[in-house]
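Peer 1: This is the structure I have questions about; it appears just below.
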Amino acid sequence: MVITGSGRLFVVILPVARYDFPFMIKALLLILAPGRTWERIARSRRSIPFVFFIYLVPTIAFSLLVELAGHNFLAPSFADQGAKLLSREVALTYGGIEFGAGLLVVLLAAPSIKLCSETFHNRNTYTQCFQVAGYALGPFYLIHMFDAIPVLSPWLTFAIGIFFSFATLYHAIPQVLKPDPPHAFGLFVMSGFALTMTSLIARMITLLALPAKMHLH
């Protein structure tokens, strides 16, 4: 992404390694085929740096780019309903805050899930809990793309995103964390609550930091 002296914003797509793109769309696969996708995730046993840099960072960045570019593309069509174009300063500030908040959610959710796991006497590693948090939040981040629609409430996309994260988390618990069957549902509920609360706090901080953004929806 390049900003010229005239204030115009250009998006430059750089060549990426061929193995990057499949992990960016894994979030979509977790929505469409969560069971099979989690089986592959469990077998792969990816490291924390891999999940963070190869999956999370591209997924959040892609979603954010679509949201910001899409908003300015659609805003003129909804001008009569109060939609406004995002200025360069607002776009960069909001983009930076939302990107950082998205990564922070995973860093907070992973230890929360590990704590929940230990409550049920599971001996899961931090890497396993990070995999669950990171991959389960992928659908949540993808749904943020629909924030590009100026008149759509950010809380609606939040609710839909959390719903899909809950749905894929249901498959993650037995595939990755593998608790005892009597504890599986309890761990699922507590882990889902941890994802929801961390995501909710991050979204509130993002919107409160940019009150103008709230008036665009």
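Peer 1: Quickly run through segment 177-209 and pick out the residues that are among the β-branched types (Val, Ile, Thr) and crowded, with 16+ Cβ neighbours inside 10 Å.
Peer 2: The answer is Thr196, Thr198, Thr206.
Peer 1: Looking at Tyr135, Tyr126, which one is crowded, with 17+ Cβ neighbours inside 10 Å and either in contact with a helix residue (DSSP H, G or I) (Cβ under 8 Å, 6 or more places away or on another chain) or touching a residue at least 24 places away in the same chain (Cβ under 8 Å) (or both)?
Peer 2: The conditions single out Tyr135.
Peer 1: Sticking with this structure for a sec: Could you tell me how many of the residues in segment 29-50 are touching a His at 6+ places or on another chain (Cβ under 9 Å), crowded, with 18+ Cβ neighbours inside 10 Å and not polar (S, T, N, Q)?
Peer 2: Number of matching residues: 3.
Peer 1: I've got another one for you. Counting just the residues of segment 153-169 that are in contact (Cβ under 8 Å) with a residue 40 or more places away in the chain and in contact with a helix residue (DSSP H, G or I) (Cβ under 6 Å, 6 or more places away or on another chain), which one comes out nearest to Thr198 (Cα to Cα)?
Peer 2: So, considering only residues that are in contact (Cβ under 8 Å) with a residue 40 or more places away in the chain and in contact with a helix residue (DSSP H, G or I) (Cβ under 6 Å, 6 or more places away or on another chain), the one nearest to Thr198 (Cα to Cα) is Phe158.
Peer 1: Looking at (1) in contact (Cβ under 8 Å) with a residue 40 or more places away in the chain; (2) part of a helix (DSSP H, G or I), which is the one condition that is false for Leu107?
Peer 2: (1) is the only condition that Leu107 fails.
Peer 1: Are any residues in segment 37-85 basic (Lys, Arg) and assigned to a loop (DSSP other than H, G, I, E, B), and if so, which ones?
Peer 2: Arg45, Arg46, Lys84
Peer 1: Go through segment 66-100 and count every residue that is under 23 Å from the mean Cα position of the chain (by Cα) and of a type in the set (Ser, Thr, Tyr).
Peer 2: Selection size over segment 66-100: 2.
Peer 1: Would you please list the contacts, defined by Cβ atoms under 8 Å and residues six or more apart or on different chains, that run from a residue in segment 186-198 that is farther than 13 Å from Ser117 by Cα to a residue that is of a type outside the set (Gly, Ala, Ser) and not in a helix (DSSP H, G or I)?
Peer 2: Matching pairs, first to second residue: Leu195/Leu137.
Peer 1: Would you mind stating whether Val106 is touching a Phe, Trp or Tyr at 6+ places or on another chain (Cβ under 8 Å) and over 25 Å from Ile25 (Cβ atoms)?
Peer 2: It is false that Val106 is touching a Phe, Trp or Tyr at 6+ places or on another chain (Cβ under 8 Å) and over 25 Å from Ile25 (Cβ atoms).
Peer 1: Something else about it: Looking at this structure, is Ala91 surrounded by 12 or more Cβ atoms within 10 Å (Cβ to Cβ), part of a helix (DSSP H, G or I), at pLDDT 90 or above and out of contact with any Gly (no Cβ under 6 Å at 6 or more places or on another chain)?
Peer 2: So Ala91 fails the test.
The values are calculated or read from the model by the stated rules, or taken from the named source; none is laboratory data. Keep in mind it's a predicted model, so treat the numbers as computed, not measured. Neighbour counts are summed over all protein chains in view; Cβ atoms, including those assigned to glycine, are modelled from backbone coordinates with ideal geometry.
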